[in-house]
Amino acid sequence: MSSYASPLLELPGAVAAREPDLGVAAHYGDLFREQRALAKGEGLVDLSHREVVSVTGPDRLSWLHLLLTQHVERLAPGQATEALILSAKGHIEHVLYLVDDGETTWAHTEPGAAAALLAYLESMKFFYRVEVADRTAEFAVVHLPAGSIAEAPAGAPVRETPHGRDVFLPRGELPAFAEANGPAIGVLAYEALRVEGHRPRLGLETDHRTIPHELGWLDTAVHLQKGCYRGQETVARVQNLGRPPRRLVFLHLDGSEVTLPEPGAPVRLAADGPEGRELGRVTTSARHHELGPIALAVIKRNVPGDAPLLADATPAAQEVVVAP
C-alpha cells in the first residue's frame, strides 16, 4: 500500500481517495461543484500520486518506437500521445501518457507501475543510446481542464490533449501552483468525466487478458500501420478477423438506486434477472453532475448492443463504445 500523501490533502474539506488513487483527494466537499468547475475549464486536479518516467538520449524516440504500440519515431516536441506495452500474447501490461520536449520523452503512468515498467525498459536497452529514469520523486502530475487559462511554469513538460493539459510540475511547486490556479478538484470528479468520455484506465477496465481492441485503444494508443513491437501479431490477427472476445460499454444506471455498483460487480441481461448468466463486469462507476449515475463495463462481445442490462442489481441501459 502506498504511503504517499499529497500536501493538497491538507486543504479544507479534503477527503482522501480510495485505491487505486491513494494519496490524493477524492473530493474537497462538493463533488458536483467540482465536476461543473472542470467542465467549465476551471481549477486543477491533483494527480501527484501518478508515477513519472523519463527517457533521454539521442536514440530515445527510435528505441521507444520499437517497444510501443504507438508511432513515436517522429514524435514532434510538445505533441501528446499515449501508447501501450503488450505481452508477447498481446495482453496490455502498461499504458504510457507521453510527450517529448525535444530532449526528453516524459510519461506518466499508474501508481505503483513505474518499477515494473523501468525494469522492462532497462532490459531492452541493448546498444541503444538511451537512459531511463523514475522521476516520480522530482515531478508531480497535475491536470488542467480544457479551456483553463492557467499557465504552466516555464520549462515544465506539458501534455495537451482534447481533455486538457497534464503538467509535469516540479514537486516542490505543487502547493503554490494549486493556490494560484485553484480550486483544487478531487479525483472523483476527474474520474466521472473520464467515464463520460468512455476512456479506459489500466487496472480498472483491464485485467490480465485484456487486448487493445476490447477497450477502443486502437483509436488512441495503437498505430495499425507499424509493426516490430511485442504482441503485434495478436493485434494484427484480431484486427483482421474482427472478433475481440469482449467489448467496453458505457452504462446509464437507474438513478433511483442509492448505491453505485462496485467495480467487479456482475453484468447480466435484464431479461434473465439477478440470477442470470454473468456476461461481464462493472469496471468503474461514478455519479455525474448531468447524467446521473453512470459506469463503464466490459462484457462479452456478442451481447446485443440494444439489450437492457443489470449491473449487479441496478437496471442499466447500454451505450456502445466498442461495436459488437
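The values are calculated or read from the model by the stated rules, or taken from the named source; none is laboratory data. Model, not experiment: these values are computed from the prediction. A quick note on method: Cβ atoms are made from the backbone with ideal geometry, for glycine too, and the neighbour counts reach across all protein chains shown. Note: areas computed on protein heavy atoms with side chains; ligands, DNA, RNA excluded. Shrake-Rupley method; radii C 1.70, N 1.55, O 1.52, S 1.80 Å.
For region 156-177, a tally of residues being open to solvent by 40 Å² or more (accessible area, probe 1.4 Å) and small (G, A, S) returns 2. Search region 126-155 for residues being in contact (Cβ under 8 Å) with a residue 12 or more places away in the chain and more than 23 Å from the chain's Cα centre (by Cα), and hand back the single one that is surrounded by the fewest Cβ atoms within 10 Å (Cβ to Cβ). Among residues in region 126-155 that are in contact (Cβ under 8 Å) with a residue 12 or more places away in the chain and more than 23 Å from the chain's Cα centre (by Cα), the one surrounded by the fewest Cβ atoms within 10 Å (Cβ to Cβ) is I149. If you scan region 74-120, which residues turn out to be part of a helix (DSSP H, G or I) and either surrounded by 20 or more Cβ atoms within 10 Å (Cβ to Cβ) or touching a helix residue (DSSP H, G or I) at 6+ places or on another chain (Cβ under 7 Å) (or both)? Matches in region 74-120: A114, L117. If you go through region 73-96 and pick out every residue that is under 19 Å from E214 (Cα atoms) and not polar (S, T, N, Q), you end up with 14.
Per the conditions (1) open to solvent by less than 40 Å² (accessible area, probe 1.4 Å); (2) under 22 Å from F32 (Cα atoms); (3) in contact with a Gly (Cβ under 8 Å, 6 or more places away or on another chain), the sole criterion not satisfied by R194 is (3). Residue count for region 181-216, restricted to those that are assigned to a helix (DSSP H, G or I), farther than 15 Å from V15 by Cβ and within 11 Å of the chain's Cα centre (by Cα): 2.
Flag: E262 does not match the condition of being open to solvent by 30 Å² or more (accessible area, probe 1.4 Å), farther than 30 Å from R287 by Cβ and touching a residue at least 12 places away in the same chain (Cβ under 8 Å). The condition (being touching a residue at least 12 places away in the same chain (Cβ under 8 Å) and not assigned by the TED database to the domain that holds H27) is satisfied by just one residue among E319, E275: E319.
If you check V141, V130, V167, V158, which single one turns out to be farther than 25 Å from T220 by Cα, aliphatic (A, V, I, L, M) and at pLDDT 95 or above? From the options V141, V130, V167, V158, the qualifying one is V130. A307 passes every criterion in (1) open to solvent by 40 Å² or more (accessible area, probe 1.4 Å); (2) over 29 Å from H65 (Cβ atoms) apart from (1).
Cβ-Cβ under 7 Å, sequence separation 6+ or interchain: first residue in region 89-106 and within 20 Å of D207 (Cβ to Cβ) and of a type outside the set (S, T, N, Q), partner part of a strand (DSSP E or B) and open to solvent by 20 Å² or more (accessible area, probe 1.4 Å). Which pairs? Partner pairs satisfying both residue conditions: V95/E82; L96/E82.
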